[in-house]
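Encoded as structure tokens, the structure appears first; notes follow it.
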Amino acid sequence: MTELNGTVSPAFEPVRDTVEAQLRSGAEVGLSLVVDLDGRQVVDLWAGHRDAARTQPWRRDTITNVWSITKTVTSLAALLLVDAGDLEVHAPVARYWPEFAANGKQHVEVRHLLSHTSGVSGLDHPARLEDLYDVRTAAARMASQKPWWEPGTASGYHVLNYGHLIGELVHRLTGLSLRDFVHQHIAQPLGADFQIGLRDADVERVADVIAPTLDFDPEALDHDTAAYRTFTGPSSTASAANTAAWRAADLGAANGHGNALAVTEILAPIARAGASAHGQLLKPRTIDLIFNEQSNGTDLVNGLHLRWGIGYALSDRRTLPWIPDGRIAYWGGWGGSMAIIDLDRRMTISYVMNNMGADILGSQRAAAYTTAIYRALGANHLP
């Protein structure tokens, strides 16, 4: 059997058992799982292989593309600017990015970008994946577009362009690219092994993503919907994440590279009222903004029932019954990775893997680990 590395506190031994079961079944190829409980790492596990052939071991410093968990870091970048007084979530985007007011978007607010309710969830046709790699040009195209639905009335998941929109605000306010801002103001100060995109020096320790068996076909969607326009504006496949062009890009929606330890180190201060081992990251009042509900209903793009706060989804048992109610913010990456920030318990859970499942959000593996973690805490109200 594949060796499971790392440590767990005694109360969390059932979590180790759950991970071992998934490894034995073959469902996991390579993974890392970390739980921070009020500054203590009560779970820190990694195991498996970096490749589908299971020839290259997944090591402690292995990193992989974490897909939309990247958005949780991009959201934090925006909140840092809010915390500093440089960005106002209720201000029009055009205050900072005047060109964004084009085509009736003068009243779109920063909070609409952060909650996927802006009406700009992709590129108008024609659009190729390569267009997104030219980040500033792609952002300028988005600024010129007409919204695909009335901003603020519903969420429409900003699948691949979330980082372009937030990143342009970061650039306008700081002069830095999103990638450089995250490195200088988040990853480096927190000592987190996380980067948007990938440095050439780190290619040798990356685990390729293993695409799900069933590939999503956007052509099956109604062509008049925001969902179709988003998933074809532009289209992409999971295998794109293993290409040099994808890895080199500054895609704050989907090409963050890291592991569960890095994600936990970045997000855990939110669960701890802004406190980190390196000082106060955010003020509590800034964290409170996350829980200001912006939408509650069926997302126009991914079709899930979601509650969006500012920058993060909020717990909703209708969508993920294995995440409890309360002051919990979360989001996951395509294929099943998951980041859960539980302020009630001052706990952060991060799960990162390379073998993608077919679910839109979460997976049976993520559900099994999360349920085991909450049961270890005595949260027996979970199913």
Projected onto the charge dipole of the chain (unit charges on the beta-carbon of Lys, Arg, Asp and Glu, signs +1, +1, -1, -1), the Cα from 138, 350, 100 with the largest positive-side position is that of 350
Could you list which residues have their amide H under 5 Å from that of residue 121, counting only those 5 or more apart in sequence or on another chain, with H placed in the peptide plane? 148
For peptides 105-117, 143-155, sequence by mean Cβ density within 10 Å, most packed first: 105-117, 143-155
Suppose every K and R has +1 on its Cβ and every D and E has -1 on its Cβ; what is the size of the dipole of region 198-348 about the Cα centre, in Debye to the nearest 20? 740 debye
Highest first, please rank the peptides 41-53, 233-245 by the mean number of other Cβ atoms sitting within 10 Å of their residues. 41-53, 233-245
Residues with amide H under 5 Å from that of residue 281, placed H, sequence gap 5 or more: 275, 276
Nearest 20 debye, what's the magnitude of the dipole of the chain about its Cα centre given +1 on Lys and Arg Cβ and -1 on Asp and Glu Cβ? 540 debye
Phi-derived 3J(HN,Hα) across region 304-321 with the Karplus relation (6.51, -1.76, 1.60, θ = phi - 60°), rounded Hz, x for Gly and Pro, is 8, 7, 9, 10, 9, x, 9, x, 9, 6, 10, 3, 8, 5, 5, 9, 10, x
Calculated from backbone phi, Karplus (6.51, -1.76, 1.60) coupling profile of region 172-180 in Hz, x at Gly/Pro: 5, 8, 10, x, 9, 5, 4, 4, 5
Cross-link candidates for residue 71: which lysines have Cα within less than 23 Å, leaving aside residues fewer than 8 places away along the same chain? 105, 283
Counting only residues 5 or more places away or on other chains, whose amide H sits under 5 Å from the amide H of residue 292 once H atoms are built in the peptide plane? 310
Whole Å is fine, so just give me how far the alpha carbon centre of region 187-225 lies from that of region 10-49. 22 Å
Rounded to 10°, Cα long-axis angle of helix 13-25 versus longest principal axis of the chain: 80 degrees
Rounded to whole Hz and in sequence order, give me ³J(HN,Hα) for region 207-212 from the Karplus expression 6.51 cos²θ - 1.76 cosθ + 1.60, θ = phi - 60°, writing x for Gly and Pro. 8, 4, 6, 10, 5, x
Calculate the length of the line joining the C-alpha centroid of region 124-184 to that of region 336-373, in whole Å. 27 Å
Share antiparallel - DSSP beta bridges, the chain, percent rounded to 5: 90 percent
Could you give the angle, 0 to 90 degrees to the nearest 10, between helix 69-83's Cα long axis and the longest principal axis of the Cα atoms of the chain? 60 degrees
Simple spin-label estimate for residue 273/residue 38, 7 Å along Cα→Cβ, in nm, reads 1.2 nm
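Read-outs throughout are calculated quantities, based only on the coordinates presented, and are distinct from any laboratory measurement. Predicted, not measured: the structure shown is a model, and the values here were computed from it. Here the Cβ is made from the backbone with ideal geometry for all residues, glycine too, and neighbour counts use every protein chain on show.
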